[in-house]
Amino acid sequence: MHLLKSLKRRLFEMLAFPASVAAVTLLFSLASPVSAATPMQTYVEDMQPGVNYGNTYDAAPNETSWGNAAITQAYADGLVARGYKSIRMTVTWRDHIGPGPAYTIDPAWMTKIQQAVDISLSAGLYVVLNAHHDSGWVSDYGWDPVGVKAKFDALWLQIATQFKDYPDTLSFESINEPGFRGSNGGSDLPDAQMAILLDEVNTNFVHLVRASGGNNATRPLVLPTIYTRSDQPMLDSLKSTITNLNDPNLIATIHYYGWYPFSVNLGGYTTFDETSIYWLHTPLDAAYNTFVAAGIPVIVGEFSVLAGGTVQRGEQLKYHEYVQAYGRSKGMTMMLWDTGGISDRNTQDWKNRDLGEIMMQAVVGRAITAESDMLFVKAGTPVQDTVVNLKLNGNTLVSVDDNGTILTPTTDYTISGDILILKKHVLAKYATGAYGEKATLKLNASAGPAWKIFVRYFDTPVAGALTTVTGGPISIPVAFKGDLLATMEAKYSTGGNVGGTSWTSFQPFGGDFKPDYANNTIVLQESFLHNAPPNSTANLAFYFWSGKVVTYQIQIAPATSVGSTDLPIYGDGFASGWSATGGWGGWGAFENVANTTTVHSGTTSISTSPVGWAGLLFANSTPVDTSSYRTVVFWIHGGTTGGQNLGFGAVPSGNWNIPTSWVNIRPVANTWQKVEISLAALGVQGRTDIDHFYFQDWSGSGAATFYLDDIKLTTAYPSTAMVLTGTPNSPASPFSITRSGFTLNRRTNRMVQTVTVKNTSANTVTGPIYLSLDALSSNTTLANAFDIAPTDRPYVQVTAGSLAPQKSVAVTLEFSVPPVGGITYDARIPLNGLSP
């Protein structure tokens, strides 16, 4: 994958979605698409569904380098047993190709790939064989077409010859996610120019394979768009290529990783909502209209979310079910991107069974889903009959399993269309004891897997005070009380967004922040406040899945240094006990520790030029106790080139398996730079066993010569370090809230509920006063509500004026359908400029 390059480019284009997105239909027809039923269309539909054998044969430099093992017959047979029909064998050839002009593929590597193909075919799977991360060197076609073509032709001629007698259930894909740059290491060319170059590469690929003999004369060949994107100009360009080739056995391919903010949990887009669905319909409809409707079949060669660990479980299930079903409705074979996290490569079973089973149901029909897979029961609040909004998707609800007990219809629940109402006694028994998950409700359907709803007993989370110095992760104490964090908003009190993503105040989940439930903290990355101005205030709002919001304030002030004695590592030569390790063994870093040509101070410096993934390692014969030190300081010079992609880190006790962190460094050409890195940022602050520091090439292709000088550990904090003082600013609510039951307004045919807010404090509360609701369902509207980000959390203004002690004010809410189960209300006033 080259996802960041292609998807970040699309991010701001996608953010400008049309106003009509809110009205996008959530339903679609699963009737066979209207298209020419060509043999290749039938071939592609017979491949449905598919999966990638990712991060294995595409790993560098070998198939086990990224922690996976070679494919086994048991694994391939297991895929077939679970319903898979095809596998995309992603292969990176670059590390196994000899020098030109022959560019001979290592026979041992070719044998491994042939074995993988043989195993897959013998299991009954269709196989797509590609050139994967080779797109890196193929991108040089933009400035070296002759050299790249010679290597590309040699590569594919050998592959085609090796497999020329294989059946047509093996197809070839020219190149994965191709793009082109204008110079060696330069920036991408304009899209239009890249499209011209890709036309040349794809056309050449087809002619080369067709002329290689055997079954290759008619073998199905898969051709990508630029970066496998679905922009209309890219689709049109590939269609032109395929039309001009006039070959009936060609297949177009794109990739799909979802609406970017949802796919990485950024910008407050925590749910698979209408916006995400719009950005599924738009590219797949475009691919269908451009290709499938014109008789050219399409494989979606990769699909998933970009950051599975940050997208909430139920939202992931809904996303994958819908994407699989919608792609099928358009006649496209969907190939899941899997690196072993969904399909277990050891047990031949689902590692993520819920995800696997709901996708497989979407291959043959639809699965039941619900508004959420969580239902919150709040402490201290009388449990009411609770509405759960379902999406039956053409199925019927057969039964409800409550922790192993089948509930009784009418007595325990009612179902009307897509609205399930759980009677209050079903949930009341869980409103006691320890906070957290209490039960699993399984909604069993007429087809497909049950939809699971996890019942959680909770109370409003409470944050605690914090005092720390930047230089490592920032841990805010939080008593979660059974609730779960959904997202975080961060703004400076003077205006502007806190964090690395400027276009939104909602920063990336798992990137800038993440919850640590085991240690009762919310962890902010050190880089989150890296650019914070001194003596500023950051206002944070933590949004929880229950609908609760906890606000927090961080005061930021410059840090003062402590201690007095620094520890030299290198000046004019290494300090006592320190040395370089002779090129880091087999890593191939070539250094001169007494260089005299480029020096920061004194007479010598270190010069080094590591080959791909290599590094410079320097060590101390006696492990260093870092308790007295705060920062490692050094000067670095980028040589005549600059821009080297380097990683810097520390190693405890020479043990690379001990978890630490590292920092990316980009030296500047012809310039000495001072670099200050806190030991906390390296994850080694306070350790007594640090005996190695290293600089490593992160480009994988080696680094031009750079220079190091004046390296030391210092007791001072980095000059950019700040003291952080954090305080929760969510005082106990002065309000009590009561609500009536639902009644029907026969004039408007809407459900009505009255909510009363009472000032229970001894003081007058200055308005305006707002009533905030937790998430509404996508098919629910609230007549008198506004939306706050995230956009599915509405609020109403109760009163613009003040509210005296023991006085009450009521507001009448009108819903198109009853609100989602577990809804709660919070009365609040604006605080520190945050939304109500």
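The values are calculated or read from the model by the stated rules, or taken from the named source; none is laboratory data. A quick note: this is a predicted structure, and the numbers were derived from the prediction, not measured. We place every Cβ from the backbone using ideal geometry, glycine too, and count neighbours over all the protein chains shown. We work out accessible area using only protein heavy atoms, side chains counted, and drop any ligands, DNA or RNA first. Shrake-Rupley method; radii C 1.70, N 1.55, O 1.52, S 1.80 Å.
General remarks:
- Options I677, I690, I636, I658; residue that is free of Cβ contacts under 8 Å to residues at least 40 places away in the same chain and β-branched (V, I, T): I658
- Any chance V796 is modelled with pLDDT of 85 or more, open to solvent by less than 70 Å² (accessible area, probe 1.4 Å), in contact with a strand residue (DSSP E or B) (Cβ under 9 Å, 6 or more places away or on another chain) and assigned to a strand (DSSP E or B): no
- Among the residues of the stretch 325-344, those that are open to solvent by less than 30 Å² (accessible area, probe 1.4 Å) and either at pLDDT below 95 or farther than 20 Å from V128 by Cβ (or both) comprise A325, Y326, S329, G340, I342, S343, D344.
- Pair list, Cβ < 7 Å and 6+ apart or interchain, from the stretch 379-402 residues that are part of a strand (DSSP E or B) to residues that are hydroxyl-bearing (S, T, Y) and open to solvent by less than 20 Å² (accessible area, probe 1.4 Å): N389/S777; K391/T369; V400/Y413
- Qualifying residue in the stretch 267-277 (condition: farther than 19 Å from M488 by Cβ, surrounded by fewer than 21 Cβ atoms within 10 Å (Cβ to Cβ) and modelled with pLDDT of 95 or more): no
- Which listed residue, of G511, G417, G472, G482, is open to solvent by less than 20 Å² (accessible area, probe 1.4 Å), more than 30 Å from G380 (Cα to Cα) and either under 29 Å from the mean Cα position of the chain (by Cα) or free of Cβ contacts under 8 Å to residues at least 40 places away in the same chain (or both): G472
- Residue within the stretch 611-628 that is at pLDDT 95 or above, closer than 21 Å to S678 by Cα and open to solvent by less than 10 Å² (accessible area, probe 1.4 Å) present: no
- Count of the stretch 261-285 residues, restricted to those that are more than 12 Å from Y322 (Cβ to Cβ), out of contact with any strand residue (DSSP E or B) (no Cβ under 9 Å at 6 or more places or on another chain) and of a type in the set (G, A, S), is 1.
- Selection over the stretch 291-303 of residues that are closer than 13 Å to A252 by Cβ and either in a loop (DSSP other than H, G, I, E, B) or open to solvent by less than 10 Å² (accessible area, probe 1.4 Å) (or both) gives a count of 9.
- When the stretch 439-458 is limited to residues that are out of contact with any Ser or Thr (no Cβ under 9 Å at 6 or more places or on another chain) and under 21 Å from P382 (Cβ atoms), the one that is surrounded by the most Cβ atoms within 10 Å (Cβ to Cβ) turns out to be L441.
- Any hit, the stretch 100-123, residues being touching a residue at least 24 places away in the same chain (Cβ under 8 Å), under 27 Å from M234 (Cβ atoms) and not acidic (D, E): no
- In the stretch 304-324, the qualifying residues are those that are touching a strand residue (DSSP E or B) at 6+ places or on another chain (Cβ under 9 Å), assigned to a helix (DSSP H, G or I) and of a type outside the set (V, I, T), and the one that is surrounded by the fewest Cβ atoms within 10 Å (Cβ to Cβ) is R313.
- Members of the stretch 514-535 that are open to solvent by 20 Å² or more (accessible area, probe 1.4 Å), at pLDDT below 90 and outside any loop (DSSP other than H, G, I, E, B): E526, S527
- Selected residue [assigned to a loop (DSSP other than H, G, I, E, B) and open to solvent by less than 10 Å² (accessible area, probe 1.4 Å)] from P718, P667, P659: P667
- For Y430, the stated conditions hold: it is among the aromatic types (F, W, Y), without any contact (Cβ under 8 Å) to a residue 60 or more places away in the chain and either open to solvent by 40 Å² or more (accessible area, probe 1.4 Å) or within 19 Å of D402 (Cα to Cα) (or both).
- Scan of the stretch 536-570 for residues that are open to solvent by 20 Å² or more (accessible area, probe 1.4 Å), assigned to a loop (DSSP other than H, G, I, E, B) and under 30 Å from G436 (Cβ atoms), ordered by number: W545
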